[in-house]
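First comes the structure, then the notes that go with it.
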Amino acid sequence: MYPTVAEVVALPVIRQGKPRLVAGSAGLSRRVRWVHVAEIADIAPLLRGGELVLTTGVMLPESGLARYVEELAAVGCAGLVVELGRRWRDDVPGALVTAAERHGLPLVTLTEETKYVAVTEAVVGLIVDAQLAELRAAEQVHETFTALTVAGAEPSEVLREVARTSGLAVVLETLGHDVLAYDAAGHDPVTLLDDWAARSRAVTVTERTAYDTESGWLITIVGARGADWGRLVMVSPEPPPHRHVVVAERAASALAVHRLVARDRESLERQTHRTLLAQLLGQAPQSPDLGARAAALGVPLERRQLIGVAVRPVSMLQGQTLAAQEVLRDLAEATALAARRVTVAALVGVVDDTSVRALLSVPMTVGVEGVLRKVAREVHRTAAFSVVIAVGTTVTSTSDVRRSLGEAAHVAGAALRAPGSQLYHRLDDVRLRGLLHLLREDERVRAFADRELGPLLARDSAQGSRLVELLRCLCENGGNKSAAAAAAHLSRTAYYQQLGRIEQVLGVSLEDPESVLSLYVALLVHEMGP
């Protein structure tokens, strides 16, 4: 908001004095915060920086001119204007010129008498006008972004306004430096986003809003309720004016409010869906108006094809309950978004600690498989991480929905052990794993697994061996010892020796197909955990 030395020298009141720049041209872009008239040599301690010093030089010593300039430069003086005629007639001493050039301090001489009070008034007027213009611009920015916030503008609209108002490219990123949205402001987006994550990681700020000179980035943190989730980056090669800082901060506020409102709105919807799903699963008493409530949500349950779906993350953060809840919540939103894009009615919610459940409601005249393929494809595309999608049997009565949803959950659990590349899984796809997953709570199945593998597990635990792992390699390679040795990263001789130890510990022959089958079933049960 402050004028530069060059802009001040160009003012008519100074042009009348026939100014001449004799040194320090490198500092002409310095900002003039104030104008100060001073004749004494030790004025530097009284300055705060950014002042344009006006003098006639009548009290400056001949032998201390270099030190005089050095002190002015040290306190951040913007420039020095000397009126000739009183102390020096035609030019200032060489020592003054040399020192000013060395420190990049603009040194301007005036050959005509100039009213310094008029200069002060003109420059202060320029500064005040700039400040008023800045305040008006800031007020306009506040009004614009307040309107966007009230209207619930999407992030793309907010960034478009940032680019339009500032003329700068802008990027919204996560705290992990993934780009969520951007507006290149007419510049090449490829150049803007090239190697973005690496460049962004190299730029850190300690304040909520700060300008990094080296990168030329104005950065402000985006978040609400003390939960920061992103950064807004404006690419500004030059230090930004105050109004651009206001733009960045107001845009960050609009983005934070949008996310907060959107998440609250979706959370309320998810809560409603979860309540209905819990009743359909028998986890809560079923209200008589359940069908009417579902229909009011746009998910009719009467005379429809109803398909239970379970969506599970391939990897879950074990032991980190809050993180796991966040993952499932985001996955529920992704699943609901996928259903909306495919225009299929669906109840979507998190009803346990492992998966997202959905109940698709498809018209009787529409093919189910086509709908499932579209929904699964959208979920895989929308989800931020790898997932397994499982589908239950198609039913037509709400009394059978529990079976379809439960079947989907069982299939998802089984498919999670070997997710593969299928869009979605049915009970037929998981075969033996699916059967064992259905029976995993049966104590007799657990007892069988313990009998089969108990000695081997005890041996591994006591001696730190990997016999169970080597047995699994054999089973998963269909009894092919050469392939199993390669999978175990052992030579065939070494692997055969380990197989001999397994036979000795278990007291069985691995040449017997039935023994290998029994051990493989026990391994599958053991993998499912308690």
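Nothing in this text is a laboratory measurement; each read-out follows from the coordinates by a stated rule. Here the structure is a predicted model, which means the values were calculated and not measured. Methodologically, a virtual Cβ is constructed for each residue, glycine included, from the backbone with ideal geometry; neighbour enumeration extends over all protein chains shown.
What to note about this one:
- Computed over the range 82-148: relative contact order in percent, which uses C-alpha pairs under 8 Å that are six or more apart: 32 percent
- The distance between label points at Thr213 and Arg451 comes to 7.9 nm (points 7 Å beyond Cα on the Cα→Cβ vector).
- Alpha carbon centroid spacing (whole Å) that separates the range 1-80 from the range 202-250: 33 Å
- Within the chain, helix-based [θ] at 222 nm, where runs of 4 or more DSSP H residues each add -39,500 (n - 2.57), nearest 500: -16000 deg cm²/dmol
- Rounded tilt (10° steps) of 94-103 against the dominant C-alpha axis of the chain: 10 degrees
- Compactness of the chain was expressed as the Cα radius of gyration divided by 2.2 N^0.38 Å, which yields 1.56.
- Simple point charges give the picture: +1 on the Cβ of Lys and Arg, -1 on the Cβ of Asp and Glu, and for the chain a dipole about the Cα centre of about 1140 debye.
- For the range 443-527, the Kirkwood estimate of hydrodynamic radius, built from reciprocal distances between every pair of different alpha carbons, is 12.8 Å.
- Lysines whose Cα lies under 29 Å from that of Lys115, excluding same-chain neighbours fewer than 8 positions away: Lys18
- Kirkwood hydrodynamic radius of the range 483-530, Cα pairs, Å: 11.9 Å
- Here is the result for the range 479-514: no trypsin sites (Lys or Arg not before Pro) lie in DSSP coil with at most 12 other C-beta atoms within 10 angstrom of their C-beta.
- Helix 368-382 vs. the chain, principal-axis angle (Cα, 0 to 90°, nearest 10): 40 degrees
- Each residue, Ala66 and Leu517, gets one label point 7 Å from its Cα in the Cβ direction; the gap between the two is 10.0 nm.
- Packing, as the average of other Cβ atoms within 10 Å across residues, places the peptides 503-509, 145-151 in the order 145-151, 503-509, highest first.
- Pairs of C-alpha atoms in the range 57-134 farther apart than 18 Å represent 50 percent of all such pairs.
- Net length gained if the chain between His489 and Glu157 were fully extended (0.36 nm per residue, minus Cα distance): 114.1 nm
- The range 285-399 - convex hull of the alpha-carbon atoms, volume per residue in Å³: 107 Å³
- Convex hull of the range 5-125 built on C-alpha atoms - directionally averaged projected area, nm²: 6.2 nm²
- Based on C-alpha pairs under 8 angstrom that are at least 6 apart in sequence, the chain has a relative contact order of 8 percent.
- Computed over the range 152-260, the convex hull of the alpha-carbon atoms projects to a mean area of 6.3 nm².
- FRET E, pair Val190, Thr98, Förster distance 56 Å, beta-carbon r, rounded to 0.05: 0.70
- Note on Ser29 and Val124: with the Förster distance fixed at 25 Å, the Cβ-Cβ geometry gives a FRET efficiency of about 0.80.
- Between helix 401-415 and the chain there is an angle of about 80 degrees, using the helix long axis and the longest principal axis of the Cα atoms.
- Under-5 Å amide H pairs with Trp217, H placed in peptide plane, nonlocal only: Asp212, Ser236
- Sequence of Arg444, Arg426, Arg86 once ranked by neighbouring C-beta atoms within 10 Å, starting from the fewest: Arg444, Arg86, Arg426
- Contact order, relative form, for the range 443-527: 39 percent (alpha carbon pairs under 8 Å, 6 or more residues apart, mean separation divided by residue count).
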